[in-house]
1. Need the failing condition index for residue 188 against (1) crowded, with 19+ Cβ neighbours inside 10 Å; (2) under 24 Å from residue 119 (Cβ atoms), just the number.
2. Residue under question is residue 137, and the condition is that it be closer than 25 Å to residue 94 by Cβ, touching a Phe, Trp or Tyr at 6+ places or on another chain (Cβ under 8 Å) and touching a residue at least 12 places away in the same chain (Cβ under 8 Å); does it hold?
3. Residues in the range 34-49 that are in a strand (DSSP E or B), closer than 18 Å to residue 69 by Cβ and open to solvent by 70 Å² or more (accessible area, probe 1.4 Å): how many?
4. Are any residues in the range 6-25 in a helix (DSSP H, G or I), under 22 Å from residue 56 (Cα atoms) and open to solvent by 30 Å² or more (accessible area, probe 1.4 Å), and if so, which ones?
5. Mind telling me which of the residues 126, 111 ends up being touching a strand residue (DSSP E or B) at 6+ places or on another chain (Cβ under 8 Å) and either part of a loop (DSSP other than H, G, I, E, B) or of a type in the set (D, E, K, R) (or both)?
6. Name every residue in the range 50-63 that is open to solvent by less than 40 Å² (accessible area, probe 1.4 Å) and either of a type in the set (Asp, Glu) or touching a residue at least 24 places away in the same chain (Cβ under 8 Å) (or both), in order of residue number.
7. Out of all the residues in the range 146-160, is one or more touching a strand residue (DSSP E or B) at 6+ places or on another chain (Cβ under 8 Å), of a type in the set (Gly, Ala, Ser) and open to solvent by 40 Å² or more (accessible area, probe 1.4 Å)?
8. Can you tell me how many residues within the range 183-202 are touching a strand residue (DSSP E or B) at 6+ places or on another chain (Cβ under 6 Å) and under 21 Å from residue 77 (Cα atoms)?
Amino acid sequence: MTMEKIAIVGAGGFAREILTLINDINKKNPTYEVVGFVDSNKEQTIHGLPVIGNDEEVNATTEPLSLAIAVGEPHLKEKIHKKFNNPLISFPSLVHPSVIIGDEESVKIGQGCIVCAGNILTTDIQLHDFVTLNLMCSVGHDTEINDYASFMPSVNISGEVKVNKGVYVGTGAKIINLVEIGENTIVGAGAVVAKSLPADCTAVGVPAKPIKFHK
């Protein structure tokens, strides 16, 4: 069986968690050969795997290569993604085998998404490209999450929610149904989003309220 070669972009804790995710995928259905990590520090090894090069060196690959971007911060994730313009490079979505998807036909997942262990996605959900759902999140019906948005562990998203591009939601936050979170907004850990939030702000508290704007 031919395995798909994949490298993990980054060398921190989330990169090691993604390695574990890929290993768990392979236990159920052998799919990926992890060739190493992408980082500027080539001297290190991570869980026995090498750093195969930096962004520029990996972008020059002459063979097909899949990449998983191990970055939570949305703007950095987008910046890294746009560095890789080699048509031989692809960005598969990685979904842990423990993830519960209620209606697989109506749950759409774009490229480059990372869906970690313990997530629950119900029905009529769209994850656009490069969405990160860290451990133990839940996503309710008729929810749309746009490009590069990131959710830290144990975020609960109720139904009929729209999350715009580049949103970052901290650990344990809750998003009530029928709200929209504006582009590039940061929601603090433990916050409860009970009303829609504007773009480009940081919102904290119960209920979540903007405390500063980024622009």
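The values are calculated or read from the model by the stated rules, or taken from the named source; none is laboratory data. Keep in mind that what you see is a predicted model, and the values were worked out from it rather than measured. Cβ sites come from the backbone with ideal geometry, for glycine too, and all protein chains shown count toward neighbours. To get the accessible areas, we keep the full protein, side chains included, count just its heavy atoms, and leave off ligands, DNA and RNA. Shrake-Rupley method; radii C 1.70, N 1.55, O 1.52, S 1.80 Å.
1. Looking at each condition in turn, residue 188 falls short on (1).
2. yes
3. Residues in the range 34-49 being in a strand (DSSP E or B), closer than 18 Å to residue 69 by Cβ and open to solvent by 70 Å² or more (accessible area, probe 1.4 Å): 0 in total.
4. Answer for the range 6-25, where residues must be in a helix (DSSP H, G or I), under 22 Å from residue 56 (Cα atoms) and open to solvent by 30 Å² or more (accessible area, probe 1.4 Å): 14, 16.
5. Of the residues listed, the single one that is touching a strand residue (DSSP E or B) at 6+ places or on another chain (Cβ under 8 Å) and either part of a loop (DSSP other than H, G, I, E, B) or of a type in the set (D, E, K, R) (or both) is 111.
6. Answer for the range 50-63, where residues must be open to solvent by less than 40 Å² (accessible area, probe 1.4 Å) and either of a type in the set (Asp, Glu) or touching a residue at least 24 places away in the same chain (Cβ under 8 Å) (or both): 51, 55, 58, 59, 61.
7. Within the range 146-160, one or more residues are touching a strand residue (DSSP E or B) at 6+ places or on another chain (Cβ under 8 Å), of a type in the set (Gly, Ala, Ser) and open to solvent by 40 Å² or more (accessible area, probe 1.4 Å).
8. Of the residues in that region, 7 qualify.
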